[in-house]
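A short write-up of the structure that comes next.
The values are calculated or read from the model by the stated rules, or taken from the named source; none is laboratory data. The shown structure was predicted, so the numbers you read here are calculated from the model rather than taken from an experiment. Neighbour counts run over all protein chains shown; Cβ positions are idealised from the backbone, glycine included. These accessible areas exclude ligands, DNA and RNA; they are computed on the full protein's heavy atoms, side chains included. Shrake-Rupley method; radii C 1.70, N 1.55, O 1.52, S 1.80 Å.
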Amino acid sequence: MTNGAEQLTLVLVGPMAAGKTSIGRRVARTLALPFVDTDKRVVSEHGSIPSIFEAHGEPHFRALERSAVARALDDGGVISLGGGAVTDPGTRELLREHPVVFLTVSPAAVADRLASGGRPLLDGDDPVARWMQIFEERRAWYDEVASVTFDTSRRPMQRIAEDIVAWRRDQG
């Protein structure tokens, strides 16, 4: 990329159901940048995330994820990371030189969003309690990499996307 690759990059991190993909697509469209979901990139290249975990374990998955993040950062654009990407020290190190938006969300809002299911990590009797446990385990890492935080609990996704675009433009 040209000398401004860093200026053309914005990373979104946060827990499951925070709106990283929905908001990321809107931000990318507004800024006329490509949108990359690193989980989708890993899946397209290596198969489903549950099958990677089962066959090779979490460390192998995190290495694949770190590689996908590195390539996405090199390419630039609006990049949405999987909720657990920040658990990897190498991935956190990659993010240090880039603007990172931490999307947070309240447990009450998550309960509404999780009603549709489809999140194997949260299967069980109390998916919101499991979500809260995972979020608390990762929160310090989100805070560590974040340049700015936006709460997605009760505002329209489009409005949050507009605020992120305004923040990014203010960064130069």
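So, with +1 on the Cβ of K and R and -1 on the Cβ of D and E, and no other charges, what is the size of the charge dipole of the chain about its Cα centre, to the nearest 20 debye? Numbers along the way, then the final one.
On the way: 21 positive and 24 negative charges, 116 e Å.
The calculation lands at about 560 debye.
For the stretch 29-68, count the residues as N, evaluate 2.2 N^0.38 Å, and divide the Cα radius of gyration by that value, please. Before the final figure, lay out the partial values.
Working: Rg = 12.2 Å, N = 40, 2.2 N^0.38 = 8.9 Å.
Against the empirical 2.2 N^0.38 Å value, I get 1.37 for the stretch 29-68.
For the chain, set up a Gaussian network in which alpha carbons nearer than 10 Å are linked by springs, and say which option among I49, I134, I23 fluctuates the most.
Of the options given, I49 has the highest mean-square fluctuation.
When the chain is treated as a GNM, springs tying every alpha-carbon pair under 10 Å, which of R138, R113, R62 comes out with the largest mean-square fluctuation?
R113
Taking the Cβ of F61 as the centre, find all other residues whose Cβ is under 11 Å away and add up their charges (Lys, Arg: +1; Asp, Glu: -1). Display every interim value, and only then the final one.
Values: positive: R62, R66; negative: D39, E54, E58, E65, D88.
That works out to -3.
With every protein chain kept in place and ligands, DNA and RNA left out, what is the accessible area per residue of the stretch 29-116? Probe 1.4 Å, answer in Å². Don't skip to the answer; put the middle values down first.
Details: 3940 Å² over 88 residues.
Ligands and nucleic acids excluded, the figure is 45 Å² per residue.
In the chain, carbon and sulfur make up what percent of the accessible area (probe 1.4 Å)?
Numbers: 4260 of 8500 Å².
So the carbon and sulfur contribution to the accessible surface is 50 percent.
Using the 2.2 N^0.38 Å rule of thumb for compact globular proteins, work out how the chain stacks up: its C-alpha Rg over that value, please. Show your work: numbers first, answer last.
Values: Rg = 15.5 Å, N = 172, 2.2 N^0.38 = 15.6 Å.
Compactness ratio reported: 0.99.
Picking from A111, M157, L10, whose Cα lies most toward the positive end of the charge dipole for the chain (charges on Cβ: Lys, Arg +1; Asp, Glu -1)?
Highest projection toward the positive end goes to M157.
Just add up the charged neighbours of K40: K/R +1, D/E -1, any other residue whose Cβ is under 12 Å from the Cβ of K40. Intermediate values should be presented prior to the final figure.
Numbers: positive: K20, R25, R41; negative: D37, D39, E45, E65.
So the environment of K40 carries a net charge of -1.
Which of D75, D125, D143 ends up with the largest GNM mean-square fluctuation for the chain, with Cα atoms connected below 10 Å?
Fluctuation is largest for D125.
With a 1.4 Å probe and every protein chain left in place, tell me how much accessible area V165 has, in Å² to the nearest 10.
We get 10 Å² for V165.
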